[in-house]
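Heads up, the thing below is written out as structure tokens.
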Amino acid sequence: GQNIDQPTEMTATEGAIVQINCTYQTSGFNGLFWYQQHAGEAPTFLSYNVLDGLEEKGRFSSFLSRSKGYSYLLLKELQMKDSASYLCAVRDSRYALNFGKGTSLLVTP
Amino acid sequence: IAGITQAPTSQILAAGRRMTLRCTQDMRHNAMYWYRQDLGLGLRLIHYSNTAGTTGKGEVPDGYSVSRANTDDFPLTLASAVPSQTSVYFCASSRDSETGELFFGEGSRLTVL
């Protein structure tokens, strides 16, 4: 089975940097994904890590440590539109993608 | 425009009725998935299909069935709906089961009374 943990809620200020952590225990590992989901909308893909290290894509970066079962999503230069839920997901040995419960991020002025 | 189409967008259903949620993708993706999303529980995998003709059970398969007769379609059937199946259902697809991100449909909101 799998166990994917991430904080339930976070608050940050516009223009700041925020780090959303995700820890996981899974039967087999075939990649870790981060998705963004605005209220009432479908999740949209942000990043993918399969090897250890940092992947950078504009204002968003994602880090993975497979030995520690740990990832984080880093959001820089926060904007009000970044207020959303951020979902950590792990692809397991069956290649199914399993999601954590999500972190609700509120960006304040 | 390529993508995933789900139908219906919203449905209210009496308990005990049979219901099929439709999902069609035109991206020629091999893998398809059904998730339900409930407040406080996040996205939970119901069933998946790594390729046409094969299906697998996810985390919460009970009360649901799927079929994958071709690459494009992946319907989800509730044989006899119960109130605990009230949820938002998302269909998703990926290029293949081993690599590539999931693309999600817009969701189907189902209420079982």
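Rule-based calculations on the coordinates, nothing more; no lab input. Please read these numbers as outputs of a predicted model, since none were measured by experiment. Quick reminder, even Gly has a Cβ in these numbers, built from the backbone with ideal geometry, and neighbours come from all protein chains shown.
For the stretch A:88-109, the candidate set comprises residues that are closer than 16 Å to A:T11 by Cα and under 10 Å from the mean Cα position of the chain (by Cα); within that set, the residue that is surrounded by the fewest Cβ atoms within 10 Å (Cβ to Cβ) is A:T103.
Where strands (runs of 3 or more DSSP E) sit wholly within the stretch B:1-65, those with at least 1 residues that are free of Cβ contacts under 8 Å to residues at least 12 places away in the same chain occupy B:42-49. In the stretch A:72-87, how many are of a type outside the set (S, T, N, Q) and either under 30 Å from B:I46 (Cβ atoms) or under 13 Å from the mean Cα position of the chain (by Cα) (or both)? Residues that pass the stated criteria total 8. For the stretch A:1-22, does any single residue satisfy the condition of being part of a loop (DSSP other than H, G, I, E, B), more than 9 Å from chain B (Cβ to nearest Cβ) and in contact with a Cys (Cβ under 7 Å, 6 or more places away or on another chain)? Yes, the conditions are met somewhere in the stretch A:1-22.
Could you give every pair whose Cβ atoms fall below 6 Å, whose first residue belongs to the stretch A:91-109 and is among the aromatic types (F, W, Y), and whose second residue is part of a strand (DSSP E or B), counting only separations of at least 6 or pairs across chains? Sorted first by the residue in the stretch A:91-109, then by its partner, the pairs are A:F99/A:L87; A:F99/A:A89; A:F99/B:G42; A:F99/B:L43.
Answer yes if at least one residue in the stretch B:10-27 is crowded, with 20+ Cβ neighbours inside 10 Å, under 11 Å from the mean Cα position of the chain (by Cα) and within 25 Å of A:V50 (Cα to Cα), and no otherwise.
No - not one qualifying residue is present in the stretch B:10-27.
Of B:N30, B:N50, B:N70, all but one fail to be away from every other protein chain (no Cβ under 13 Å) and polar (S, T, N, Q); the exception is B:N70. The set of residues in the stretch A:1-31 being under 11 Å from A:L78 (Cβ atoms) and among the polar types (S, T, N, Q) consists of A:T11, A:T13. Test B:Y64 against the stated conditions and say whether it is touching a strand residue (DSSP E or B) at 6+ places or on another chain (Cβ under 9 Å), within 28 Å of A:T103 (Cβ to Cβ) and within 12 Å of another protein chain (Cβ to nearest Cβ). Considered against the rule, which asks whether it is touching a strand residue (DSSP E or B) at 6+ places or on another chain (Cβ under 9 Å), within 28 Å of A:T103 (Cβ to Cβ) and within 12 Å of another protein chain (Cβ to nearest Cβ), B:Y64 comes out as no. Filtering the stretch A:66-84 to residues that are surrounded by fewer than 14 Cβ atoms within 10 Å (Cβ to Cβ) and more than 19 Å from A:F45 (Cβ to Cβ) leaves A:S67, A:K68, A:E77, A:M80. Just so you know, in the stretch A:26-85 the residues that are assigned to a loop (DSSP other than H, G, I, E, B), touching a residue at least 12 places away in the same chain (Cβ under 8 Å) and acidic (D, E) include one that is nearest to the other protein chains (Cβ to nearest Cβ), and it is A:D52.
Scanning the stretch B:73-109 for residues that are more than 11 Å from chain A (Cβ to nearest Cβ), over 10 Å from the mean Cα position of the chain (by Cα) and in a loop (DSSP other than H, G, I, E, B) yields B:A79, B:S80, B:A81, B:V82, B:T86, B:R95.
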